[in-house]
Amino acid sequence: MDPSCTNSVNGFYSFLNRSMEDLERVYVSNNFMSVQFLQRVLCLLRTSHSHLTILVQKLNLPAGDKWLDDYMDETSKLWDVFHVIKSSLSSMESFCSAAISIASTLDTHHHRQISRQVIRAITVCRREAVGIEEENRALMENRIQRFPFWSEQVTAMESSKIQNGFSGFRGVMNSMKNINSLLLAILMQGLVYSIPGDAAAAVTLTATAMVRLKQRVAVEMERTEMKRGIMLYEYRRSKTAMEELKAELERRWCGGGGGEEEAAAAEKGLRERVESVKVNVGSLRNGTESIVAQIDDFFDEIVDGRKMLLDFCSHR
């Protein structure tokens, strides 16, 4: 960790700017809303929180002042939102298990004999996905959008700098709220549910890297065929792989016997579809499990940070 990040407000702002630029580069080099990109989003939230708790102790702030209330409020919001995200990710396990089971069945049985059975299973798996997305939509509408930061106009980072001359913790907290709002909006769109024109889009941003990232995400949201729903790339690819497998099975079930070459080509095509399901769903399962583990670690860090600052104030 670069010590300058936590030694001064100036260093902390520089860290935030560099981090947003790095995140934008990760976004450009990865598939839209990929696990790798969203992991980096979560990593930035964790790292900035960690740096903030250390910075506070270097600024000689008055014990028990409003800054502590602001910090506690912001970490409480992070805690609540990440519980919703974790719940959403946990619900994907049923979809992953059903999809892997279907692929395993095709690996171990004669395809023509079980085509109808597997097609029915895929239909059930599709309904499972629809159910997950409906539950997530309800989470967005009933829980997430009630949080104050989801709709408030957060003071832009560079405005905070000017008003505070790089010397005030109030500017730091405004910047953190601004960045948190953007990063949480991205995580929610990717991992829970995206609603066109949601309230998070109203957050005011002026820092260059933040504006570019927000604009890139907005443009890609318009391009994607899914205008709403879970935008996680590995999830979308898994659903597509299941649809392609279903279409291949339906062609085989409804088609004629054909010659040996046609049968071999059909067999190869089906093998590829099964492998695509296994690879994509495996990536989805591994990715979501990794993010859940990161969230659990973040919960521990929030608890430790709150305790650290409460102890810091009490000993002063």
Does residue 128 qualify as being over 11 Å from residue 242 (Cα atoms), exposed (fewer than 13 other Cβ atoms within 10 Å of the Cβ) and modelled with pLDDT of 90 or more? no
With the condition being touching a strand residue (DSSP E or B) at 6+ places or on another chain (Cβ under 9 Å), I'd like the helices (runs of 4 or more DSSP H) fully within region 4-88 carrying at least 2 qualifying residues. none
In region 217-251, anything in a loop (DSSP other than H, G, I, E, B) and closer than 21 Å to residue 89 by Cα is listed as 226, 227, 228, 230, 231, 232
Assess whether residue 48 counts as being in contact with a Ser or Thr (Cβ under 9 Å, 6 or more places away or on another chain), closer than 19 Å to residue 18 by Cβ and of a type in the set (Gly, Ala, Ser). yes
Which one of these does residue 47 not meet: (1) under 20 Å from the mean Cα position of the chain (by Cα); (2) touching a residue at least 60 places away in the same chain (Cβ under 8 Å)? (2)
Do we find that residue 214 is within 27 Å of residue 195 (Cα to Cα), modelled with pLDDT under 95 and not in a helix (DSSP H, G or I) in this structure? no
Looking at region 284-293, is at least one residue more than 17 Å from residue 43 (Cα to Cα) and touching an Asp or Glu at 6+ places or on another chain (Cβ under 8 Å)? yes
For residue 247, are the conditions met, namely being out of contact with any Pro (no Cβ under 9 Å at 6 or more places or on another chain), at pLDDT 75 or above and under 27 Å from residue 271 (Cα atoms)? yes
I want to confirm something. Restricting to region 160-186 and keeping residues that are of a type in the set (A, V, I, L, M, F, W, C) and under 20 Å from residue 60 (Cβ atoms), which single residue is modelled with the lowest pLDDT? 166
By residue number, the members of region 62-77 that are surrounded by 13 or more Cβ atoms within 10 Å (Cβ to Cβ), more than 14 Å from residue 308 (Cα to Cα) and not basic (Lys, Arg) are 67, 70, 73, 74, 76
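The values are calculated or read from the model by the stated rules, or taken from the named source; none is laboratory data. Nothing here was measured: the structure is a model prediction, and the numbers come from that model. So basically every Cβ, Gly included, is an ideal-geometry build from the backbone, and we count neighbours across all protein chains shown.
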